[in-house]
């Protein structure tokens, strides 16, 4: 358990340009060396401990550079976990951070569980006894979290699909096993041609899932959230409040935000990609016209729209125009500026949208911002946001498991090609089943025995 | 009135397959042993199927043999047909099965017991186990004889409060109409042992003279006979074999069953015991698999000197008249006469999670148990537990370390670990699919896996052990030679490959790689391996298998390595799991009940999650540290 090498992104997602991937374990060098191209093709296991190296992480299969990085090498035992540690500093934002992590996992690292670095630090004697309870708290927190994710995923389409794949696999396995354990009974044997076809079917389905995982916007880029509203309604203020730092220019001159701003926020672990659009309005200004057109595109492609209305002015044609645009989108309508005198006819808004899509806020009020965050999280968790093509937060873990399952099935096919017997084949199939099961968390053996007896009529 | 009969080391209760192996083990390890059986005529009786071995069970028998047990030798002496099953499949699932002459089997075993030093067999019913301070003190017979002893091994099989059902007839007897043991259960309850009630059954026997074999398919034995015991010389047991026969049920049979279902003890609700799924009655099969047009029925001889034929596939608790009608609807059995009626039997057994891996009760010092009493099913499963219980009872008395076989070492390990970790809700049958390291746990290498354990325990002679070491050496040497012998691109090799439809070589290749090709094997490439020495057959077999499946074997070995790491993290029995911060309540309760011996076993307890295991790891580390600090 403590023997394998773990990896994880150790910076919170979406909070800055630089992301750090941390690896710990005995295989860190054999993992990093093949994918790191430094100046003199140096072997990182040979460098001095606690040194930093410039280079690139490459995708070996595609033979292309993923990101420009700084790699920090810290050798056991003088590290946090008392194991060899590598930290990869990426510069290319969240997309490349994730890509680098994927490479590392492909090379044999395992995605770390929450608190696992700390756990290792403890188990390896780095942290002293008094801190042990804190470690248990971390593990405990993890249990709660994984329980709730498991609940969420039960409703999700991914786990449903995984369930179907496992069912197909175990049916095939039960067939093979029943014939092995009851050689005298006339169980029709599947035959390798049929087995091959079924494995190929399952692989194709896994591939489709992996494809959606690749294009899966939510994991990689966060929930694409467009902030829309007429000029000076407070979009930038909202964005800043959510980011808790001044980045966009905030003025009271309409149209100051010419470009489309993108920022990431992280609400309880769910990444949101916030897009502040230039105010949408019919305009003669050429520069602004471009921005406005792009805004319409963004609304089209967004997973979620946050629309702002100004309570201190009455509804304009522009507001109604935008409301039409977002009619069929998942949305949260914010009635901003509760701190100013009310001029807006709220009834029209409440007639048009449902109660739970509307919040009255002041972007200047910290409590209100928290309410917004709470609502966004709730919308995501309850599956209101674009769930059908999304992959959940733990996506990378799923993806990892899917790839391993697929590899096992690949092994199964080569077992068939090599003309190896069923008992070898069943090793590969069992592995595939086990990897898929890591997503849903069930045991192999009991499932199989139950399946054999429910499906075949056997015994004296 | 009770009286003190004598002072012995070990008392074994029951003379079935578990009891025999247990008693032989303790006696052979030098301990004064008495085996008590309700009837000395039923020693090693086979009340159900007349065969030993089969898939996964054949593996168990060979493992028992490697440990120094008797079952393999006994069946080698008394078989009437032998087959290696699953030869069309890979080596992991090749399974040896022999039809036994069940009367001779039983007689031979009794003879062996009678001639074993330190062992006395006695006809008596044990009604009480005396326990003081949670420690076994003595056993007491129905006649009041008290035997003081250091260990007791319970192997009561299906005899405890046994009760048989034939349709609406209920008889309070053990198997085959033998006397049940009705009084021991009460004593076990008083000792605080948790009991289950299980059910099993056996089909009818018909008179060979009334069968028309011309309407059935013949199932002859193998030409080449492979013995069960690694010590039996194959030539010494060559003999003429007796065939089994195959026929099928049909729509008429199924109709008879459906019309009479209400008269079945099972469907009539008279049986409360839990029956095994792998041993369904014929009425069960017809009901649950209604779309199946026919079911196989095998007729197996019960011995050489008897006309009784066992009807495999027709277990039933239907009334006698229905059974006969059913049988007579089968091709070849139209005029058959039934000699024994099929019956279902219900009996008391224990929840096996009360046991350690040594098969000793966690709560009662010196009390061991084995076989069907532990919730298993089958002669081989019983014998396997018998020898483990026997060895461990002896080792304990002798003050030596226990012998535990883990899941990566043998089917026996899988069997016992499943029983004591997960428990069972139905009579537990061994299956190859229960063994996760199946490719390593082959029947052909049981000696390589377990002889050393048997030797260390003291049941394997030095001579046999040294022979094994020599065998290992020969295998390793030959494998090394095959890896180092490279054949080049020469005409003789290419011609050889062409003859075997194998791709010609482009460059030199070690022989060990050529063996991996599906169309080739170690035996075939002898032609292009001029330096080959003549090696014993069993060595050749190992070289062939170990090289041919090398990749898969390596993969499983890596899995085993990981498995071992958690098995080696031991947990003390006195841990109070409720006091461990961070464990979920469910996990703490389960762990408290099972008291796993290692983190590995804990991870297999149902209801214990990976997060709980992390908590346990942290706890263990904490304990180790505070121990170090206290030093």
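Every number in this text was worked out from the coordinates using simple rules, so none of it is lab data. Small disclaimer: the values here were computed from a predicted structure and weren't measured. Note: ideal-geometry Cβ built from the backbone for every residue, glycine included; neighbour counts use all protein chains shown.
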Given all pairs of distinct Cα atoms, segment B:1-81 yields a Kirkwood Rh in Å of 14.2
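Taking 8 Å as the Cα distance limit and 6 or more residues as the minimum spacing, I'd like the relative contact order of segment B:482-631 as a percentage. Kindly include the intermediate steps, with their values, before the conclusion.
Values: 137 pairs, mean separation 22.2, N = 150.
Taking the mean separation of contacting Cα pairs over the length of segment B:482-631, I get 15 percent.
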The Cα extents of segment B:510-631 along the principal axes, largest first and rounded to whole Å, are 68, 35, 22
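Please give the direction-averaged projected area of the C-alpha convex hull for segment A:29-128, in square nanometres with one decimal. Kindly include the intermediate steps, with their values, before the conclusion.
On the way: hull surface 26.4 nm².
Its average projected convex-hull area is 6.6 nm².
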P(r) of segment B:360-430 over all Cα-Cα pairs, 5 Å bins starting at 0, rounded to whole percent, reads 4, 16, 27, 28, 17, 6, 1, 0
Largest-first semi-axes in Å of the equivalent ellipsoid built from the Cα gyration tensor of segment B:187-331 are 31, 26, 13
Sorted largest first, the Cα spans of segment A:309-366 on the principal axes come out in Å as 30, 24, 16
Most exposed first, judged by fewest Cβ atoms within 10 angstrom, B:449, B:564, B:473 run B:473, B:564, B:449
So, for the Cα atoms of segment B:107-242, Rg and Dmax in Å stand at 21.6, 65
Gyration tensor (Cα only) of segment B:65-146 to equivalent ellipsoid, semi-axes in Å sorted down, yields 37, 18, 12
Percent of all alpha-carbon pairs of segment A:293-332 at distances over 13 Å, whole number, is 54
In Å³ per residue, the alpha-carbon convex hull of the protein assembly as shown encloses 231
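Hey, what's the per residue convex hull volume over the C-alpha atoms of chain B, in cubic angstrom?
Details: hull volume 122.9 nm³, N = 631.
So the per-residue hull volume is 195 Å³.
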With only helices counted (DSSP H, runs n ≥ 4, each -39500 (n - 2.57)), the per-residue ellipticity at 222 nm for chain B, to the nearest 500, works out to -11000 deg cm²/dmol
Quick note on A:182, B:248, B:549, ordering by fewest other C-beta atoms within 10 Å, gives B:248, A:182, B:549
Normalised per residue, the volume inside the convex hull of the alpha-carbon atoms of segment B:113-156 in Å³ amounts to 89
So, for the Cα atoms of segment B:313-409, Rg and Dmax in Å stand at 20.5, 62
One would report the Cα pair-distance distribution of segment B:393-483, bin width 5 Å, in %, as 3, 11, 16, 18, 19, 16, 10, 5, 3, 1, 0
Share (percent) of C-alpha pair distances in segment B:36-96 greater than 13 Å works out to 68
Ranked on Cβ counts within 10 Å of their own Cβ, fewest leading, B:168, A:193 go A:193, B:168
